[in-house]
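To start, the structure itself, in structure tokens.
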Amino acid sequence: MNGAVAAGHPATVEAGVEILEAGGSAADAAVAASLASCVAETVMTGLLGGGHGIYFDRAAGRALNLDCFVVVPGLGARRREAQLLHLEVPFGAELVHYAVGPASCGVPGLPAGLDALWREHGRLDWPRLVEPALRLARDGVEFPPAHAACLEMLAPVMTMDEGARIYASGGALLAAGEILEQPGLVSALELVAEEGASSFYTGSLAAALLGLVEERGGLITSQDLASYEAHWDEPVETEYAGRSYFTRAGLSRVANLLPQLPRLRGLSEPERALVFAAALDGDDLPGETTNLVTLDGDGNACVLTTSLGLGSGDFLPGLDLHLNSMLGETDLVRGDLEPGERMGSMMAPSIALDGDGIALAAGAAGGTRLRSALVQVVAGVLDEGLEPQEAVDRPRMHPATGRVQLEPGFAEETLAALQGAGYEARVWPARHHYFGGVSVVTRTGSAGDPRRSGGSAVLA
């Protein structure tokens, strides 16, 4: 295999493949793919968001985590209460409370993270990595079915402010198969190509963000932006299914959970479902995220998960950049928020190694369902021996507070086993983006998640 890319949109995949074919590293491909995702997947992510990544350097034999998540704002300013806009957003059959508005925006970290990834492991010039995203912004990009379904759910936020022009031109929501046009992103990406990531922290895009924040009562200060840094950290290492598994600590607790799973190979579907129900039961709050995986011909790999949260509903005028809403995400707000502190995250980009190098590189999107989705796919590949696409396509379940949500396709015996164990089992009518989005690459193939209209490609 001379390389592979898996991501949440075919255009994101194509951007990564283009850079690999141009001689770029896994880091270069991840940067270009992430920039492209900020054009093609703007209901899931954006350049004013944050993320977490993991990079495996084959020559050094070392994996490192990249922390470019959002920071609590307010440095150098008088402490004041955030004025948030509270909404009830339909999520499946339930209404979920969200807090949005400019004061929900944390200090963005994704641009700094992409810059750090490129500077440490990149081979190509920075402007070359921006080219695929800039081309998408100029031409527009097809809006896939999963994104249309997500937009319908998030319409109260996505069509606020400038979002109405982007996602509901003429009064009707953008539909699957139509072209997503965001002309302001052309100007934004031209600045990114010219000024680099610093544009968001001390340059032209920083000035635009601070102007909007001051006008609308946000909390971000110039000191917040100028002091932001992406961090490289040692990953958490554990053993799973005979491989060394590297990921990050955090709210997902994937590193704690995987080693506690019994062997699944050979279990029946009802037995496997009971294992997952017991291991994964927890909170159930929505969140929109995207994930990508890149592998180059030298055996280097990168997994990058990014998000805007729900999105604040505010866009930089003329630039079509949506502000994040991380300070309004109830599953991330744990205790008092102090200016300058990193916020917590469910993200868990992961790499598994054996004696021959990369056995698996994977990550997931989906808020609190991220853990369920990732663990089920990782277990399917590493323990049960499934091919990547088979593991991703298999019906998924998500337990939360005694209720198990299930995609269609589980046997009646499985439902009976769950109910017999005291769980309320709810079967959804169709496969749904609620159940997360997993991107995965192994030695034998790659997979994007159809629940998010994802895709993948392998370079022969």
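The values are calculated or read from the model by the stated rules, or taken from the named source; none is laboratory data. These figures come from a predicted structure and were not determined experimentally. Neighbour counts are summed over all protein chains in view; Cβ atoms, including those assigned to glycine, are modelled from backbone coordinates with ideal geometry. Only protein heavy atoms, including side chains, enter the accessible area calculation; ligands, DNA and RNA are left aside. Shrake-Rupley method; radii C 1.70, N 1.55, O 1.52, S 1.80 Å.
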Original post:
Tell me, what is the FRET efficiency for GLU215 and ARG119 to the nearest 0.05, using R0 = 45 angstrom and their Cβ-Cβ distance as r?
Top reply: 0.85
Original post:
For the stretch 141-284, with equal point scatterers placed on the C-alpha atoms only and solvent neglected, what are the log10 I(q)/I(0) values from the Debye formula at q = 0.09 1/Å, to two decimals?
Top reply: -0.59
Subject >> Fully extended contour minus Cα-Cα distance, from ARG263 to HIS432, at 0.36 nm per residue >> reply: 58.1 nm
Subject >> Cα centre as origin, Lys/Arg/Asp/Glu Cβ charges: the stretch 1-71 dipole, Debye >> reply: 200
**OP:** Choose one of VAL404, SER345, LEU327: the residue whose Cα lies farthest towards the positive end of the charge dipole of the stretch 316-421 (beta-carbon charges +1 Lys, Arg; -1 Asp, Glu; about the Cα centre).
**Re:** LEU327
Original post:
Taking the mean number of other Cβ atoms within 10 Å as a proxy for protection, how do you rank 51-61, 304-314 from highest to lowest?
Top reply: 304-314, 51-61
Subject >> Sum of -39500 (n - 2.57) over DSSP H runs of 4+, divided by residues of the chain (222 nm, nearest 500) >> reply: -9500 deg cm²/dmol
Original post:
Given (i) 125; (ii) 134; (iii) 181, which label gives volume of the Cα convex hull per residue in Å³ as computed from the coordinates?
Top reply: (i)
Original post:
When the dipole is taken about the Cα centre of the stretch 172-279, and only Lys, Arg (+1) and Asp, Glu (-1) are charged at their Cβ, what size is it in debye, to the nearest 20?
Top reply: 780
Subject >> For the stretch 44-148, accessible area per residue (1.4 Å probe, heavy atoms of protein chains only), Å² >> reply: 40
**OP:** Determine the share of the stretch 1-136's accessible area contributed by carbon and sulfur atoms, expressed in whole percent, with a 1.4 angstrom probe.
**Re:** 48
**OP:** Could you look at the stretch 155-302 and say what percent of its accessible area is carbon and sulfur, using a 1.4 Å probe and all protein chains?
**Re:** 48
Original post:
Dipole magnitude of the chain about its Cα centre, charges +1 at Lys/Arg Cβ and -1 at Asp/Glu Cβ only, in debye to the nearest 20?
Top reply: 540
Subject >> Exposure rule at most 15 other beta-carbon atoms within 10 Å, DSSP loop GluC sites (Glu not before Pro): the chain longest free segment >> reply: 342-460
Subject >> Calculated FRET efficiency for the pair ARG394/ARG79, C-beta based, R₀ 51 Å, to 0.05 >> reply: 0.55
Subject >> Built amide H within the under 5 Å cut-off of THR221, gap 5+ >> reply: GLY74, LEU75
Subject >> Low-density loop cleavage sites - trypsin sites (Lys or Arg not before Pro) in the stretch 67-159, where at most 12 other Cβ are within 10 Å (DSSP) >> reply: ARG78, ARG79, ARG80
Subject >> the stretch 21-179: C-alpha gyration tensor shape, a/c 1.5 cut-off, then a/b vs b/c >> reply: oblate
**OP:** Among GLY266, THR202, TYR245, pick out the residue whose Cα is farthest towards the positive end of the charge dipole of the stretch 181-299, where Lys and Arg carry +1 and Asp and Glu carry -1 on C-beta, about the Cα centre.
**Re:** GLY266
**OP:** Only loop residues by DSSP count here, and only those with at most 10 other Cβ atoms within 10 Å; note down the trypsin sites (Lys or Arg not before Pro) in the stretch 356-460 that meet that.
**Re:** none
